[in-house]
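K.L.:
If you scroll down you'll find the structure; I have some questions about it.
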Amino acid sequence: MVYDMYKPSEMSILMNDMYAYNLKIKQAILEGETPTEFPSNFLNIYTAELSEFKSRNEVFQGFSTLFIETQKEVFNPNATLSITERYNNSINLCISCHTKECTGPIPKIKKLLIK
Ligand code: HEC
């Protein structure tokens, strides 16, 4: 297979989807709405192909699981923490994995946090 350097990996596409979706959730929360549906395509984080030179190691797997758990909490109608806290916890998990795996997008991800 010829490597096309401009073709984003499955993981890059998923990450950009997750970014866009969380931006919508942030706006909904700020408007006083409560998001209800966990986007099941986020589960592709366990299988999506990474760019060349990146590997799916144990640290990556661990952060994937923690991220999915905290992201699901955003949509949990029986949760005890406030929606803003649960949302920020999930964004902080994005950032935690990125400090280990891929630091470039961190400034962009930080903009998702609700202050
Ligand atoms: C388990 C680790 C992990 C978690 C959790 C994670 N990321 Fe990523 N992210 C990565 C890795 C690794 C890449 C690089 C993917 C590649 O190059 O194939 C990446 C890439 C990105 C990119 C750049 C995509 C591009 O254009 O190439 C953005 C933006 C991003 N992530 C945002 C997020 C957001 C927002 C979240 C949380 C909703 C998140 N990430 C959660 C590991 C993670």
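K.L.:
Only loop residues by DSSP count here, and only those with at most 16 other Cβ atoms within 10 Å; note down the GluC sites (Glu not before Pro) in the range 11-115 that meet that. Don't skip to the answer; put the middle values down first.
P.N.:
Details: sites: 31, 33, 37, 49, 52, 58, 69, 73, 85, 101; in loops: 31, 33, 37, 49, 52.
Qualifying residues, ordered by number: 31, 33, 37, 49, 52.
K.L.:
Determine which aspartates and glutamates satisfy two conditions relative to residue 115: a Cα distance under 16 Å, and not lying fewer than 8 residues away in the same chain.
P.N.:
The qualifying aspartates and glutamates are 31, 85.
K.L.:
Run the accessible area of the range 34-99 with a 1.4 Å probe and give the carbon-and-sulfur part as a rounded percent. Don't skip to the answer; put the middle values down first.
P.N.:
On the way: 1980 of 3780 Å².
For the range 34-99, the apolar C and S fraction of the accessible surface comes to 52 percent.
K.L.:
When only Cα pairs under 8 Å and 6 or more residues apart are kept, what is the percent relative contact order across the chain? The partial results should precede the final answer.
P.N.:
Values: 89 pairs, mean separation 31.4, N = 115.
For the chain, the relative contact order is 27 percent.
K.L.:
Between residue 111 and residue 81, how many nm apart are label points set 7 Å from Cα along the C-beta direction?
P.N.:
The modelled label-to-label distance comes out at 2.4 nm.
The values are calculated or read from the model by the stated rules, or taken from the named source; none is laboratory data. Here the structure is a predicted model, which is why all the values come from computation and not from measurement. Virtual Cβ from ideal backbone geometry, glycine too; neighbours counted across all protein chains shown. The area values use the complete protein model at the heavy-atom level, side chains included, leaving out ligands, DNA and RNA. Shrake-Rupley method; radii C 1.70, N 1.55, O 1.52, S 1.80 Å.
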